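In what follows, a structure is listed as structure tokens, so that the remarks can point back to it.
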Amino acid sequence: MEELKSNLTTTDTVQELQRKLLQKAKSNADFRFYALYDKIYRIDVLNKAWEKVKSNKGASGIDGQDFEDIEQQGIEQFLKGLQQELKAKTYRPQPARRVYIPKPDGTKRPLSIPTIKDRVAQTALKLIIEPIFEAGFEDCSYGFRPNKSSQQAALEVRKLLNFGYTEVIETDIEDCFGSIPHRELLDMVAKRVVDGNILWLIKLFLKAGVMEGSNTRTDNKGTPQGGVISPLLANIYLNNIDKGWKPLSNTARLIRYADDLIIMTKYRSERMKAKLEEIVTRLKLRLKQSKTRILNAEYEHFDFLGFTFIKDLNKNKDKRTTYFYPSHKAENSIRRRIRQIVDYRRPIKVEQLVRELTPVLRGWVNYFRVANSSKKFGKIKFYTAQRIRKFMRRHSGKVGYGYKQYPDTFLYQKLGVYNDYRVCWAKTF
């Protein structure tokens, strides 16, 4: 009970601090924050940062220290040590560990994994400065922001398509996280936060570099993907795109999720593409040409944030409306994950398999529940049931699917296979 009370107190004090910072930033768009650094090493802020990092789990950095190691050492001792380093300004982040994540197209995405200690420090910094910059972000930005989501962005796309914004420019920024120039980024941070110690700490994170094998590499640009603070820093920099587009928003609407973005207009799409390229180039970035295209959504479908958008006749066949559902790529991705878990070669019991599968299915379904996903959900439900039946038959030395041996009632009532495939898109108009 004492531990619960302590956690609640910590959460309340940090939230109150964030609320005050947000309120001050909103009340005066020109106000600049001079004294913030001492807030970062407040023990309640560090406690909150630890809780967030722990809940996100994740692998260890180059020091090999995991959560269990820190808990054995003592969380209080760990946080007090970090507090002293930050207070004395002796803290130095270590290089992030570079790993590569396979992508469906056969390429690999580089990911940087900071140490847990550095993730806690970055999270503490984010807790303090995020409310200040949130006050100035535009509504068209949906990625990595409190109370914003990709589902909200998808619903906005559907709404605009129904309003006639059918000329669509889809694109993303080439190597965005790896291309943001440090000097310009720090200048943008300094427009609101002029505490020199905060800027020093951000620069430390930017210059920490990455370690690949035994080699450490640093650069004068880039916010490494995998760093806790990187999405916020990217949003601070890319907010210039949102601000630059704002005067044009009456004729062409921008929807941005991190470095993925689309422009929706009723006409003059070529002109709008040129304007976007001009803004992006001014920021020393560039659009990925291989993923940039202009289309007319009245006749062509397109994908955005895992959804496919298409205009078609409604059920009454009297007018065209917008439908959106999980994209082919998203469907293939969940099928691949199901196959990995429900692999008959795995020497585990079916009950353990179901426990592993449940959060995967629940997460995928919850993401796409806002769309017209009934047909896609039906396919995934059927596919999952087939794989589980085949798994059990193989483990009993038999072939086939065994519909009579393992009917739906056995799967969903006895085994507890995930079965909540309801959609709620109709409530979101």
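Here are the numbers for the structure shown:
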{"item": "Set Ile241, Ile263, Ile236: member being of a type in the set (Val, Ile, Thr), within 19 Å of Phe324 (Cα to Cα) and within 24 Å of the chain's Cα centre (by Cα)", "result": "Ile263"}
{"item": "Residue, modelled with the lowest pLDDT, within segment 83-138, restricted to residues that are open to solvent by 20 Å² or more (accessible area, probe 1.4 Å) and β-branched (Val, Ile, Thr)", "result": "Thr107"}
{"item": "Residue count, segment 251-274 (criterion: of a type in the set (Lys, Arg) and at pLDDT 95 or above)", "result": "2"}
{"item": "Qualifying positions in segment 159-172 - open to solvent by less than 10 Å² (accessible area, probe 1.4 Å) and either over 20 Å from Lys275 (Cβ atoms) or in contact with a Phe, Trp or Tyr (Cβ under 7 Å, 6 or more places away or on another chain) (or both)", "result": "Leu161, Val168"}
{"item": "Residues (hydrophobic (A, V, I, L, M, F, W, C), modelled with pLDDT of 95 or more and surrounded by fewer than 17 Cβ atoms within 10 Å (Cβ to Cβ)) located in segment 36-61", "result": "Ile43"}
{"item": "Close pairs (7 angstrom Cβ cut-off, 6 or more residues apart or separate chains): in contact (Cβ under 8 Å) with a residue 12 or more places away in the chain in segment 148-160, open to solvent by 10 Å² or more (accessible area, probe 1.4 Å) and polar (S, T, N, Q) anywhere", "result": "Leu155/Thr428"}
{"item": "Index of the failed condition, Asp30 passing every other in (1) within 24 Å of Pro146 (Cβ to Cβ); (2) open to solvent by less than 50 Å² (accessible area, probe 1.4 Å); (3) in a loop (DSSP other than H, G, I, E, B); (4) not aromatic (Phe, Trp, Tyr)", "result": "(2)"}
{"item": "Segment 206-224, residues that are surrounded by fewer than 20 Cβ atoms within 10 Å (Cβ to Cβ) and closer than 23 Å to Thr281 by Cα", "result": "Asp219, Asn220, Lys221"}
{"item": "Residue count for segment 173-199, restricted to those that are farther than 25 Å from Asn28 by Cα, open to solvent by 10 Å² or more (accessible area, probe 1.4 Å) and part of a helix (DSSP H, G or I)", "result": "4"}
{"item": "Residues within segment 377-409 that are under 15 Å from Ile338 (Cα atoms) and among the charged types (D, E, K, R), tallied", "result": "5"}
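One line per residue, one yes/no per condition, for (1) at pLDDT 95 or above; (2) in contact with a helix residue (DSSP H, G or I) (Cβ under 9 Å, 6 or more places away or on another chain):
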{"residue": "Val157", "(1), (2)": "yes, no"}
{"residue": "Ile173", "(1), (2)": "yes, yes"}
{"residue": "Arg183", "(1), (2)": "yes, no"}
{"residue": "Ala208", "(1), (2)": "no, yes"}
{"residue": "Lys221", "(1), (2)": "no, yes"}
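The values are calculated or read from the model by the stated rules, or taken from the named source; none is laboratory data. Given the structure is predicted, the values throughout are model-derived calculations rather than measurements. As a convention, Cβ positions derive from the backbone with ideal geometry for all residues, glycine included, and neighbour counts pool all protein chains shown. Each accessible area value is taken on the protein alone, full model and side chains, heavy atoms only, with ligands, DNA and RNA left out. Shrake-Rupley method; radii C 1.70, N 1.55, O 1.52, S 1.80 Å.
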